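The values are calculated or read from the model by the stated rules, or taken from the named source; none is laboratory data. Here the structure is a predicted model, which means the values were calculated and not measured. For neighbour counting, all protein chains shown are included, and Cβ atoms are generated from backbone atoms with ideal geometry for every residue, glycine included.
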Amino acid sequence: MTRLAVLFCGLLLAGGPCLAQSCHSAEYLCGGSPYLCGTTVPGVWLVKGNGSATSLFLAGNIIHSFCMDVDNRKIVFAVGGVPYASTCLPSTGPDHGLYRYDPGAMTYETIYGPDSMACFAPNKIHVDQNGDYVFSCWQRSGLTSRYCLLKADRAGTLTTVLSTASLGHPAFLDRSVERNIDTGHFLVSDGMSRTSPTTLNNPIHEVAADGTVTTWSTGGKYGWIGSHAMPQDHGSGAIEGPHDRYLFQVKPGTTSRTILATLRVGTALAVNFHNFKFDLQSAAAKRWVGTPSTPGGGFTSWIAHLDRSGSASSIHVSGLPAGKAVRDNDFAFYRGNHIASLKTGKNRWDLLLSCPRSPGRAYAIAASISGVRPAAPLPDGRRINLVPDAITTATLNNWLPGIWNPGPLILDANGEARGFLDLSSLPVPPGGIGMPVWIAMAVLDPGAPWGVKYLPDTIVIRI
């Protein structure tokens, strides 16, 4: 066990019957689409690992994307696009904008909208390091339209991060948005293929918060399929995930995507695998989870676990209206946003920690300026995705009072805690220091293997 692993374990020893939690809780957000309402359920549904399904909320249009907010309680969702007349949608409801839904109160609040011009068809959402919402969007302007990367802050102010006008060439920017674990910038998939001024085929753009854009991948002869999830492997930095019937990989640079595996369920060829996301990247054996259609096609819905060999196992979803299924517009781990940052002042961020299945447990949290690879392995194969350095030692031992606060080091009765990173006392230049910082957490339990019950995914922020 590496020194970092020993420190994170708090020098605890394994023992007792408790097993480590190597995956997210088996509670998933699925659905989003009113397409083919005769066979698919509208709105967003909560689906559990036992196959039960519960409708959470509807909207007046297509829900393109959803994710957990920084509090790991409310659900942020994007809705809009071309309306489809259907009896499976309410006559009124949130539309053409971004909204927050509170499952406890069963109410929603507006972040931005309704605005059928500036926010006509918002797509994939990413909650950024400040707690604001960055999302891809198809935006209308008079008789024309353009594709944009937009940001709505928590007060509802909308700004343009990147548009096809500022990019200087055609692009479909209404696609996937992720945070590059290696830099903290945004990765935006582009559905455009063009040959002038340079050849790009479904490229991936890297976009800084100020709109500065570089090409992360040209796509080669064919890059990433844009409108679905774009999961990045923390172990390699490559984009890896399924699309339809293959498991693809895209590396940064100029090479084409490669096929890692053909997808199968038993001996049957699997199809319609979209919007799959990595389960915990700390797991000994990584897997993806999502909601495909059945191996034979159609819309009978189930949760599927997919391994790197391309083998998928499924859980049939029950509790849906007869003859209907959950569509794969998006997929998210319910209450799976375990480490989040929220800007609370100039050069200051609160660190919001949330592990609902571990109330009252001790935890360790640390930072690094050296990245996530190579990971620090535990003897059972799990990985702490953080490269230890002097900052790691200082933050683990709480040697930076006033700058780094790890919180109480015990999760409360709700499995939550709050710390902070405060650089306001330092001579930070205008515009920030301009470097990424990685933050990792471990939930500790002396009865779990090697004293570590749970390893949430590492996050990156730029300071």
>> I'd like the residue in the range 243-273 that is buried (at least 22 other Cβ atoms within 10 Å of the Cβ) and modelled with pLDDT under 95 and, out of all such residues, is nearest to the chain's Cα centre (by Cα).
In response: PHE273
> For the range 34-52, which residues satisfy the criterion of being part of a strand (DSSP E or B) and either modelled with pLDDT of 85 or more or not assigned by TED's automatic domain parsing to the domain that holds GLY323 (or both)?
Replying inline: VAL44, TRP45, LEU46, VAL47, LYS48
> So how many residues does the range 396-453 have that are outside any loop (DSSP other than H, G, I, E, B) and of a type outside the set (S, T, N, Q)?
Replying inline: 24
> Could you count how many residues in the range 353-367 are under 22 Å from the mean Cα position of the chain (by Cα), closer than 19 Å to LEU396 by Cβ and in a strand (DSSP E or B)?
Replying inline: 4
> Out of (1) surrounded by fewer than 20 Cβ atoms within 10 Å (Cβ to Cβ); (2) in a loop (DSSP other than H, G, I, E, B); (3) modelled with pLDDT of 90 or more, what's the single condition that is false for ARG335?
Replying inline: (1)
>> Suppose we keep only residues that are within 27 Å of GLN232 (Cα to Cα) and either touching a helix residue (DSSP H, G or I) at 6+ places or on another chain (Cβ under 6 Å) or among the β-branched types (Val, Ile, Thr) (or both) within the range 408-443. Which one would you say is surrounded by the fewest Cβ atoms within 10 Å (Cβ to Cβ)?
In response: ILE433
>> Between a residue in the range 316-337 that is among the acidic types (Asp, Glu) and any residue that is in a loop (DSSP other than H, G, I, E, B), which pairs come within a Cβ distance under 7 Å, given they are 6 or more apart or on different chains?
In response: ASP328/HIS274; ASP328/ASN275; ASP328/THR291; ASP328/PRO292; ASP330/GLY32; ASP330/ASN275
>> What's the total number of residues in the range 305-315 that are of a type in the set (A, V, I, L, M, F, W, C) and either in contact (Cβ under 8 Å) with a residue 60 or more places away in the chain or closer than 30 Å to ASN61 by Cα (or both)?
In response: 2
> So which residues in the range 211-242 are surrounded by fewer than 17 Cβ atoms within 10 Å (Cβ to Cβ), closer than 23 Å to ASN130 by Cβ and free of Cβ contacts under 8 Å to residues at least 40 places away in the same chain?
Replying inline: THR212, THR214
> Which pairs do you get when a residue that is closer than 19 Å to ILE461 by Cβ and among the polar types (S, T, N, Q), found in the range 348-364, comes within reach of a residue that is at pLDDT 95 or above and assigned to a strand (DSSP E or B), reach meaning Cβ atoms under 9 angstrom, with the pair 6+ apart or on two chains?
Replying inline: SER354/MET68; SER354/ILE339; SER354/ALA340; SER354/GLU416; SER354/ALA417
> Quick check, is GLY31 at pLDDT below 90, touching a strand residue (DSSP E or B) at 6+ places or on another chain (Cβ under 6 Å) and of a type outside the set (A, V, I, L, M)?
Replying inline: yes
> For the subset of the range 157-196 comprising residues that are among the small types (Gly, Ala, Ser) and either within 16 Å of SER136 (Cα to Cα) or outside the structural domain of VAL79 (by TED's automatic domain parsing) (or both), which member is surrounded by the most Cβ atoms within 10 Å (Cβ to Cβ)?
Replying inline: SER189
> Quick one: how many residues across the range 373-395 are part of a loop (DSSP other than H, G, I, E, B) and among the basic types (Lys, Arg)?
Replying inline: 2
> Within the group ALA152, ALA121, which residue is touching a Gly at 6+ places or on another chain (Cβ under 6 Å) and under 21 Å from LEU167 (Cβ atoms)?
Replying inline: ALA121
> Restricting to strands (runs of 3 or more DSSP E) lying wholly in the range 53-150: which have 1 or more residues that are in contact with a Ser or Thr (Cβ under 9 Å, 6 or more places away or on another chain), at pLDDT below 95 and assigned by TED's automatic domain parsing to the domain that holds SER189?
Replying inline: 53-57, 62-68, 75-80, 121-127, 133-141
> What residue, of PRO292, PRO203, is in the same structural domain as THR164 (by TED's automatic domain parsing), free of Cβ contacts under 8 Å to residues at least 24 places away in the same chain and not small (Gly, Ala, Ser)?
Replying inline: PRO203
>> I'd like to know if the range 303-317 contains one or more residues that are closer than 21 Å to HIS24 by Cα, in a loop (DSSP other than H, G, I, E, B), hydroxyl-bearing (Ser, Thr, Tyr) and assigned by TED's automatic domain parsing to the domain that holds ALA261.
In response: yes
>> Being farther than 29 Å from PRO122 by Cβ, under 18 Å from the mean Cα position of the chain (by Cα) and part of a loop (DSSP other than H, G, I, E, B) is the requirement here; does SER370 meet it?
In response: no
> What's the number of the condition ALA332 fails, among (1) over 23 Å from the mean Cα position of the chain (by Cα); (2) closer than 21 Å to LEU247 by Cα?
Replying inline: (1)
